[in-house]
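Written out below as structure tokens is the structure these notes cover.
Since every read-out is calculated from the coordinates, none of them should be taken as a lab result. Since we're looking at a predicted model, the values are computed, not measured. Every residue, glycine among them, receives a Cβ derived from its backbone with ideal geometry; neighbour counts consider all protein chains shown.
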Amino acid sequence: DTSELSLGGHGEEAWGMSDAPLCPVEALQGGTIEDSGPHFTQLDFANATIGGGVLRNGAVQEEIRFLICPELIVSRAIAEPMATHEALLMRGFERFSNYSGYGHATFAFAGPHVAAAGPPAEPPAETELLAIDAIAFGRDAQTRLGQYSRGAIERELNKAFVGFAPPDGETPDAPLRPLCTGNWGCGAFGGCVQLKAVVQWLAASRARRPSLRYLTFGDASLARALTTLKEVLPADTRVGQVAKLLASFGPPHAKRRPPTMPGACADLFGYLADQLARRPPPQRETAPPNAPRMVDLPPGSDTEEEDMEVEPPLPAPPPPAAPAP
């Protein structure tokens, strides 16, 4: 239950108070989630009613996954629509088909799927599919800016976190798999690709996932921008720092930072880099001219290897007066 995980506030459960470090993130232009391998927890960009339009005419991310792994369709008979604090984890299914294309215009069957053989001494790992549903904002530019409101960001953070955290019934210290995800809730739902990348990065970090692989589905500019953001942020950046900045961004601020790439509705990456990557260096105090100064003794000195106070040298005596003529 993530109902107590507020974006604002000062309680222990507030996102802005989290001291979890950011987990490693890898942004890739190519590849698909279903081909990432069973050692990843793979994301299903789900509808609240699992499977979406798989039994009608749907042919996008979730529906395609259910069509190439048809055992997943059984979940529609046993799973209720997800609430805002719920996720669905599915295991024990197989992939039967390959495909080409995407959407109604190009999606097509491309033959049977043959899984790659693993080491003979090891049993095959179960593929793990995690379904989380995003808020639908649609295509209108003004409506899309609403996703930067505190309530919308808090909802998406908590939805991602409840899915990324250890499942109920498993020991808290059990090793978690890395995550393979992408533009969750974007496309037809109108999500901002930059915001969704940051939200999933924060949720994965707070859930202590070992790493996050983010696939941009051919968007080279997004892959480069996320890689650049990762590189410019200080190594000690914490989840709480970024969450506080998300809370302060807001729709009015987002309007003043127009998007720099397709699929984004604001330049969130640039804002975070400006705020976190340009911290002023600590100021060193300047001692007065005659104050004691600190020196470092080299190893092997007769005195212990620690800083010592050294008095400033006494001024040189004045030269002797010249003899009278």
The alpha-carbon center of region 180-204 and that of region 22-68 are separated, in whole Å, by 12
Relative contact order (percent) for region 179-263, with alpha-carbon contacts under 8 angstrom and 6 or more residues of separation?
-> 34
Tell me the label-point distance for the pair residue 55, residue 113, using the 7 Å Cα-to-Cβ offset, in nm and rounded to one decimal.
-> 2.1
Tally Lys/Arg at +1 and Asp/Glu at -1 over every other residue whose Cβ is under 9 Å from the Cβ of residue 46; what's the total?
-> -3
Percent antiparallel among DSSP beta bridges (both partners in region 19-156, rounded to 5) = 55
Got the relative contact order for region 65-196 handy, in percent, Cα pairs under 8 Å and 6 or more residues apart?
-> 24
Amide H partners (placed H, <5 Å) of residue 88, local residues excluded | 131
Anisotropy class of region 148-187 from Cα gyration tensor, a/c 1.5 cut | oblate
Indicate the gyration tensor shape class of region 81-204 (rounded, prolate or oblate), computed on the Cα atoms with a ≥ b ≥ c the square roots of the eigenvalues: a/c under 1.5 is rounded; otherwise a/b larger than b/c is prolate and the rest oblate.
-> oblate
Any idea how far the Cα center of region 86-115 sits from the one of region 238-257, in Å?
-> 36
For residue 230, counting only lysines whose alpha-carbon sits under 19 Å away and dropping same-chain residues fewer than eight positions off, the answer is 196, 244
Could you give the size of the charge dipole of region 13-165 about its Cα centre, using +1 on the Cβ of each K and R and -1 on the Cβ of each D and E, expressed in debye and rounded to the nearest 20?
-> 480
